[in-house]
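Student: Pasting in a structure now, in structure tokens, and then I'll have a few things to ask.
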Amino acid sequence: MTSLFLALALLQQPLDRRIAAAPDGTVRFSFAARPGVYGNGRNTINWDCRNGRCHSQQINENGNYTGWDDDEWSSACDSGPVRVALLKRGGAVVDLRTYVGGEWRTPAGTGITDIGTVSAREAAAYLLKVAERDSGRVSERAILPATLADSATIWPDLLRIARETRISKRVRRSAVFWLGQAAGDAATRGLTDLIDERGGDRDVKESAVFALSQRPRDEGVPALIRVVRGNPDPELRRKAIFWLGQSDDPRALALFEELLTRP
């Protein structure tokens with residue numbers, strides 16, 4: 001009976017405390033995915049799926065995210081849940097893997113603590129805290145599952161991470177990339193603000209330019225044109241021009257004509 005009461009008490013605790021209370025080994029939990037997110041339960045995650053097309057992320061054997069594309073999506077995939085597996089060593093979370101769909105292959109037991117299904121908003125908040133801790137690869141990897149959480153507005157947190165100079169460049173660049181992928185109009189405004197800031201890290205700003213190039217044309221192209229027209233950094237202007245050149249957008253061609261015929 002005591003163990004039952006203990007289990008019930010743990011279920012009522014916040015997610016971060018439940019993870020902290022778990023023993024070393026694998027700690028896993030699941031939560032609802034936002035609309036348009038699909039996965040094969042193993043090594044493919046698709047998001048922003050509309051009209052038969054998706055952005056997708058491949059996960060290699062080392063757990064690294066290896067690419068994205070805009071090809072037609074035809075894989076047999078599930079619309080969730082998002083499944084996160086944490087690795088704890090010495091009481092600290094040192095690694096993280098993300099899956100969408102499918103089911104856990106190994107039942108909970110020795111070395112595996114399964115917290116079960118949790119609130120998507122609580123999961124996103126926890127994962128962003130992991131990112132802000134800047135504790136190596138796990139922080140960089142924590143951003144992706146946070147972006148997949150249903151009913152969670154995370155772009156203000158991603159902007160804060162991207163602007164925080166105490167956080168490592170890898171984590172900040174990851175925040176910028178997923179910010180551009182996930183947050184829509186508000187994020188596009190935030191990315192241009194980030195690019196326009198005086199000072200700051202050049203690599204992070206270049207990541208923001210790239211993130212703008214990944215936005216839908218009606219958002220990304222005008223923002224990139226503003227970078228070309230108004231940013232004082234010639235390298236950032238060149239990056240923006242490069243991505244505009246990949247857009248095949250008539251507004252980009254008009255800008256190039258203007259630049260090339262300028263006296």
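Just so you know, all these numbers are worked out from the coordinates, no wet-lab data involved. Since we're looking at a predicted model, the values are computed, not measured. Methodologically, a virtual Cβ is constructed for each residue, glycine included, from the backbone with ideal geometry; neighbour enumeration extends over all protein chains shown.
Student: Cut-off is 10 Å between beta-carbons; in what order do Phe210, Phe256 appear when sorted fewest neighbours first?
Tutor: In increasing order of surrounding Cβ atoms, one gets Phe256, Phe210.
Student: Mind sorting Lys88, Lys239 by how few other Cβ atoms lie within 10 Å of their own Cβ, fewest first? Intermediate values should be presented prior to the final figure.
Tutor: On the way: Lys88 18, Lys239 24.
Ranked by crowding around the Cβ, least crowded first: Lys88, Lys239.
Student: Straight-line reach from Lys88: which lysines fall under 21 Å, measuring Cα to Cα and dropping same-chain residues less than 8 apart?
Tutor: Lys129
Student: Only counting other Cβ atoms within 10 Å, I'd like Arg89, Arg237, Arg217 sorted with the fewest neighbours first.
Tutor: Lowest to highest Cβ neighbour count: Arg89, Arg217, Arg237.
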